[in-house]
Structure formats: structure tokens, C-alpha cells
């Protein structure tokens, strides 16, 4: 007499079949992600070259050498692509800031570097030309504002890696008594909102003007001293 469930057990995939299917799915996932990343990286490069207007689906397809079908299998349209580019930019920035402050012992010095870099647009490469930084910064400012209005939850998810880096420095400062004790994540959000809103305003109001590094450096310095007064113990 067969045991209960034995028929179902025979109908189920064998272990080797499950292993084989898993390998195929993993290979397929890797290929999907590789092409998705290629599209986002191409869009990011176009953003630096020509600003937001330069990021068109036609240009992305031409530079990535992928088909329209491949694009729409991964993104609903340009808005979805720009959200991915924004997330990609924030992740790059978070990793860059984490590496840049790693050798600084003072949490306040780390925060000063992060705040200054956000204002100056030095989120990935301190050697990038100022005109490129200006274009990229203005484009990301527009995208930030669009997401805040139309997709606030997606915006917060995208910002979370950067906010975590800022919160970590604040937490370290609280531990040594140089920063007032409070919720570091909430303080990180307040700090970032102040800095980013100020940077957005400056970038968008002077978008058509020639980059003025001295003006931006002065703004970064003043903004840091303002933040310091707000967070100091």
C-alpha cells in the first residue's frame, strides 16, 4: 500500500530538477540585472553630458545597444528609468562618502566633509569638471523634487543609503558627546533635507549661469556652520 502523499511526491520535481531550474533562473536573473545596470549607467553618463533633456529613450537605446523591447521589459518608461538613475546616484554617493570619511577620527569632521560635498556636488568624483557637476546636480535636483511630489515613498527608499551614512556619523558624535543626544536617523533626515533643499535652490535658480565654484564653496561653508550650531551638544 502506498503511503499518503506518495503520489504527490512522485509528481513533484526531483531534487536534480530543482537544482537545474534554480541554476537557469539564477543565470537569467544575472543577465536581466546586467542589462538593467547597463541601461542605468548609460542614462547616468548621458545625464552628465547633456543634462536631463539629454536622457531620452532613443539615446539610451543607441548607447546601450539594446532593443526597445529589452528596455520596456525592465522599465515602464523614462520616469521609471530616472528613478533608477536617482537611486544609482544616491548609492554611489553613499559609498563615496563612506570611503572619504573612513580615515577621519572626528565625527564632526566627517559630517563637515559630507555636507560640503553634497553642496558642491562631489558625490562620486572630486576631479569631475565643475560644468559637469552643475549639469548633473541640476538634473538630480529636478528629479528629487519630482519624486517628492509624485512618489514620496520611492524617494525615501532611494535616499535611505545616504541617510544611513549620515546617521552613523551623528550616532558616533553622540557617543563621544560632540553632538546632542537624539534619534540619529531623524536628525540625519533633518540635516539632509536642509542641505539638499538649499543646494537644489541654488542649482535651479542659477542653472543657466556659468558655474561659480567660489560662490558654492562659500555656501557650503556657511551651511555647515549653520548645521553645526543645530547639532552640537
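Each value in this text was obtained by applying a stated rule to the coordinates, not by laboratory testing. Predicted model, so just to flag it, every value in this text is computed and none were measured. Note: ideal-geometry Cβ built from the backbone for every residue, glycine included; neighbour counts use all protein chains shown.
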Checklist line | Estimated [θ] at 222 nm from DSSP helical runs (n ≥ 4, -39500 (n - 2.57)) normalised by residues in the chain, nearest 500 | finding: -26500 deg cm²/dmol
Margin query: Nearest 10 degrees is fine. How inclined is helix 184-205 to the longest principal axis of the chain, computing both from alpha carbons?
Written below: 70 degrees
Next item on the list: Restricting things to alpha carbons, find the Rg to Rh ratio for the chain using the Kirkwood radius for Rh.
Entry: 1.13
Notebook entry, point to check: Nearest 10 degrees, 0 to 90: what angle lies between the long axis of helix 213-231 and the longest principal axis of the chain (Cα atoms)?
Noted result: 80 degrees
Notebook entry, point to check: Under a GNM of the chain (C-alpha, springs under 10 Å), which listed residue has the highest mean-square fluctuation: 136, 180, 29?
Noted result: 29
Note to self: Tell me the angle of helix 107-120 to the major Cα principal axis of the chain, expressed in degrees between 0 and 90 and rounded to the nearest ten.
What the structure shows: 90 degrees
Check: Running Debye on the stretch 50-148 with equal point scatterers at the Cα sites and no solvent, what base-10 log of I(q)/I(0) appears at q = 0.23 Å⁻¹?
Finding: -1.23
Checklist line | Space enclosed by the convex hull of the alpha-carbon atoms of the stretch 95-208, per residue, Å³ | finding: 97 Å³
Item checked: Relative packing of 42-48, 86-92, which averages over residues the other C-beta atoms within 10 Å, highest first -> 42-48, 86-92
Check: How much length is gained on full extension from residue 186 to residue 151, taking 0.36 nm per residue of separation minus their Cα-Cα distance?
Finding: 10.6 nm
